[in-house]
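Reviewing the structure listed below.
The values are calculated or read from the model by the stated rules, or taken from the named source; none is laboratory data. Note that this is a predicted model, so its numbers are computed, not measured. We place every Cβ from the backbone using ideal geometry, glycine too, and count neighbours over all the protein chains shown.
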Amino acid sequence: MDTILIKGGKSLNGKIDIAGAKNACLALMPLTLLTEDKLTLTNAPKLSDINTFKQLLESLGAEIEFKKSGREIILSTPEIKTVRADYEIVRKMRASNLVLGPLLAREGHAIVSLPGGCAIGARPMDIHIDALEMLGAKIDLRDGYLFATAAKGLKGCAINLPFASVGATENLIMAASMAKGTTIITNAACEPEVGDMIECLISMGAIIEGKGTSKIIIEGVSQLYGAKHAVISDRIEMGTYMLAPIIAGGEVEIIGGNIKLLEAFSEKLISIGVTITNSLDGVIVKGPDDRLQAIDVKTEIYPGFPTDLQAQMMALLTTANGTSILHETIFENRFMHAPELIRMGAKIDISGGKAVVEGVSRLKGAPVMATDLRASVSMILAALAAEGETVVNRVYHLDRGYENVEEKLSNCGAIIERIIT
């Protein structure tokens, strides 16, 4: 099992390219199930999660080809060969549940295993199920699988989501795009990745209004067509690398970054002395000359502070001057990185959904273990500024959402390498 070795203490200076958004690409790929025509996605990230979703879609009958070194994905599904999404594939990734809506829309029935993924919270399927049943589906849970049918087809209606779930919003949009009549979704998720899906669906012939708002109106159509669509840049990867020069020192230009995608996050950084400026190609980030001041952070649904940047922010605050408090409001089990940071000398106390971080002057390198995707990269960020060597184990979590981490950081002066075992 691969590990990553980091020798801390080197400041970072240079440029880092941001890839296409993992979460956007994973929501775009199942759109192939809605049409017999070819769907081409450009600016795709090269990640293990993308390969996992490829395997799932191919098991259903999709034909998928990677071109331009994996940056372009060509998908076509002239025929659905099976509506069963097996546990052996679905268990690997939460986003696998996104085949449920399109299979119901196109075939009128689906058998989808309950999904797996990172162990950061329950993330139940209740919202997905309730919303799809309002469209006319009947869904039963048996032996760990969702058995869904829509014998008379799906029919549009008004749906108010009890929580602005990204996955449920995406599943519902896909299903409603080919339902009869009009669907109005209120309290919909407003994340840029949802907007990216809407843009692609519109180019495929869908009739959708309300992109970027909590109210989405969908007029169902009988057929969708092929399209070519560029995946938006990854705002979570952008935020992660924005923190790197702040933690390690130096100045880095984030190529392809768009500060409008991370306004709440950027405001927090600016408030503690970080300099963030727009450039022709992206965003330039420079850390303060003095020690950072402690700050309180609360994760919220978009456009609030992203839960997917909470672990990385905790790594930053471990060496801030004073005591910081992080409130995690999205997932109930998303502080699993804290014990690993404590191994490096951090002072962190966890109580329910609150983490109290008392800043220390310096972290020290240690062997640590990645527990989930974002936790894995928080270990790497912490290691950049720590004394001595840090070895990060179980980096397969990292490979699910970050590509070429070692190359991107080493090009800016970090001493980091992957040990292949």
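Descriptive notes on the structure:
Residue-by-condition table, conditions (1) under 26 Å from Leu104 (Cβ atoms); (2) at pLDDT below 95; (3) acidic (Asp, Glu); (4) in a strand (DSSP E or B):
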| position | (1), (2), (3), (4) |
| --- | --- |
| Glu193 | yes, no, yes, no |
| Ile236 | no, no, no, no |
| Ile247 | no, no, no, no |
| Glu251 | no, no, yes, yes |
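- The range 305-318 residues that are among the acidic types (Asp, Glu), paired with ones that are in a helix (DSSP H, G or I) (beta carbon under 7 Å, 6 or more apart): Asp308/Ile236; Asp308/Arg374
- Residue check, Asn51 assigned to a strand (DSSP E or B) and either on the phi > 0 side of the Ramachandran plot or surrounded by fewer than 17 Cβ atoms within 10 Å (Cβ to Cβ) (or both): no
- The number of residues in the range 23-60 that are out of contact with any Leu (no Cβ under 8 Å at 6 or more places or on another chain) and closer than 13 Å to Gly401 by Cβ comes to 8.
- As a summary of the residue check, Leu104 satisfies the conditions (1) more than 26 Å from His397 (Cβ to Cβ); (2) without any contact (Cβ under 8 Å) to a residue 24 or more places away in the chain except for the one numbered (2).
- The residue of the range 316-338 that is nearest to the chain's Cα centre (by Cα), among those that are within 16 Å of Ala386 (Cβ to Cβ) and not aliphatic (A, V, I, L, M), is His337.
- Of all residues in the range 166-175, none satisfies being crowded, with 19+ Cβ neighbours inside 10 Å, touching a Pro at 6+ places or on another chain (Cβ under 9 Å), within 30 Å of Ala311 (Cα to Cα) and of a type in the set (A, V, I, L, M, F, W, C).
- Helices (runs of 4 or more DSSP H) within the range 325-421 that include 1 or more residues within 23 Å of Ile50 (Cα to Cα) and modelled with pLDDT under 95: 373-385, 396-399
- Residue count for the range 253-289, restricted to those that are free of Cβ contacts under 8 Å to residues at least 40 places away in the same chain and outside any loop (DSSP other than H, G, I, E, B): 12
- Matching entry among Leu100, Leu31, Leu41 (being surrounded by 19 or more Cβ atoms within 10 Å (Cβ to Cβ), in a strand (DSSP E or B) and either assigned by TED's automatic domain parsing to the domain that holds Gly144 or out of contact with any strand residue (DSSP E or B) (no Cβ under 8 Å at 6 or more places or on another chain) (or both)): Leu41
- Boolean, Val90 is within 23 Å of the chain's Cα centre (by Cα), surrounded by 20 or more Cβ atoms within 10 Å (Cβ to Cβ) and not basic (Lys, Arg): yes
- Taken as a whole, the structure leaves Leu47 outside the set of residues that are touching a residue at least 12 places away in the same chain (Cβ under 8 Å) and farther than 30 Å from Gly287 by Cα.
- Apart from one condition, Val112 fits all of (1) without any contact (Cβ under 8 Å) to a residue 40 or more places away in the chain; (2) buried (at least 22 other Cβ atoms within 10 Å of the Cβ); (3) in a helix (DSSP H, G or I); the exception is (3).
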